[in-house]
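The values are calculated or read from the model by the stated rules, or taken from the named source; none is laboratory data. All of these numbers come straight from a predicted model, not from anything done at the bench. Cβ placement follows ideal geometry from the backbone for every residue including glycine, while neighbour counts extend to all protein chains displayed. Side chains included, ligands, DNA and RNA excluded: accessible areas come from the protein's heavy atoms. Shrake-Rupley method; radii C 1.70, N 1.55, O 1.52, S 1.80 Å.
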Amino acid sequence: MLIALALVAVTIVTRPESYQPVAPSGNPPSSPQVRSPAMAALDQLPVKGRAPATGYERTLFGNGWDTSGGCDTRNIILARDMQDEVVNEKCQVVSGVLRDPYTGREITFLRGAESSQKVQIDHVVALSDAWQKGAQQLTPAERKALANDPLELLAVEGEANQQKSNGDAATWLPPNKAFRCQYVARQIAVKQKYRLWVTAAERDAMRGILATCPTQTLPK
């Protein structure tokens, strides 16, 4: 059971190698425009207007969480992102500690009818946002894969998740500024993988964030 959880775990934070250009001997230092992998990927995304949300329903991305090896996606992500997690015989995370990436707060999680809502699983690219930026053109199987992809999912504080709602990078960013580069990079990686586009305002907001972290990589 725990092995199944481990097999689907992905790395949330990668540590990029530092890069420092060296000027040729005898010449004044130059300032080449070095783009981070995240910025380069952003520049390759199509830029279009937002399509109408007409016809959007959550069920277009699958009916709830997928199940793999007896574990549903929600519990897989909870186990991946928490510390000191306890998993029962039904592959359910019953307790754990989350260092919330969106707020930086530490949250003690306890499974229960009401307490479970303290920690929610966020679709980093909101599904309705994805629907309006290319997901309408995906197959049902591709949309289901998107909604259950560990790359697209993070365990976060429930309140912060509700505040984000369907926002993109132009309308909402994590209050925890230290996480914003990773957050934007993850959105870019998801949009690249599933052939989604960005609006001009969204692209500009992402560029502004990535300008503060010139070596930001994409999550794997």
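List of remarks:
- Residues of segment 152-165 classified as assigned to a helix (DSSP H, G or I) and open to solvent by 20 Å² or more (accessible area, probe 1.4 Å), total: 4
- Filtering segment 176-194 for residues that are assigned to a loop (DSSP other than H, G, I, E, B) and over 23 Å from Thr103 (Cβ atoms) leaves a non-empty set.
- Count of segment 181-220 residues which are over 18 Å from Leu153 (Cβ atoms) and not acidic (Asp, Glu): 21
- Evaluated against (1) at positive phi; (2) charged (D, E, K, R); (3) without any contact (Cβ under 8 Å) to a residue 60 or more places away in the chain, Lys193 falls short on exactly one condition, (1).
- Scanning segment 51-85 for residues that are closer than 25 Å to Val184 by Cβ, at pLDDT 95 or above, of a type in the set (A, V, I, L, M) and touching a helix residue (DSSP H, G or I) at 6+ places or on another chain (Cβ under 7 Å) turns up Ile76, Ile77.
- Scanning segment 196-220 for residues that are touching a residue at least 60 places away in the same chain (Cβ under 8 Å), in a helix (DSSP H, G or I) and open to solvent by 10 Å² or more (accessible area, probe 1.4 Å) yields Ala200, Arg203, Arg207.
- Residues of segment 183-205 satisfying the condition of being closer than 19 Å to Gly104 by Cα and in contact with a Ser or Thr (Cβ under 9 Å, 6 or more places away or on another chain): Ala185
- Checked against the criterion of being crowded, with 18+ Cβ neighbours inside 10 Å, at pLDDT 95 or above and within 21 Å of the chain's Cα centre (by Cα), segment 42-50 has at least one qualifying residue.
- Test set (1) out of contact with any Cys (no Cβ under 9 Å at 6 or more places or on another chain); (2) open to solvent by less than 10 Å² (accessible area, probe 1.4 Å); (3) over 16 Å from Arg80 (Cβ atoms) - Arg186 fails condition number: (3)
- Scan segment 184-204 for residues that are farther than 16 Å from Trp172 by Cβ and either of a type in the set (Val, Ile, Thr) or modelled with pLDDT under 95 (or both) and the total you get is 0.
- Members of segment 57-107 that are aromatic (Phe, Trp, Tyr) and buried (at least 18 other Cβ atoms within 10 Å of the Cβ): Phe61, Tyr102
- Test: residue in segment 170-181 that is open to solvent by 10 Å² or more (accessible area, probe 1.4 Å), over 20 Å from Leu78 (Cβ atoms) and among the small types (Gly, Ala, Ser): yes
- Considering segment 108-119, and only residues there that are open to solvent by 60 Å² or more (accessible area, probe 1.4 Å) and not aliphatic (A, V, I, L, M), the residue that is modelled with the lowest pLDDT turns out to be Glu114.
- Residue match in segment 65-72 (condition: closer than 20 Å to Ser115 by Cβ and of a type in the set (Val, Ile, Thr)): no
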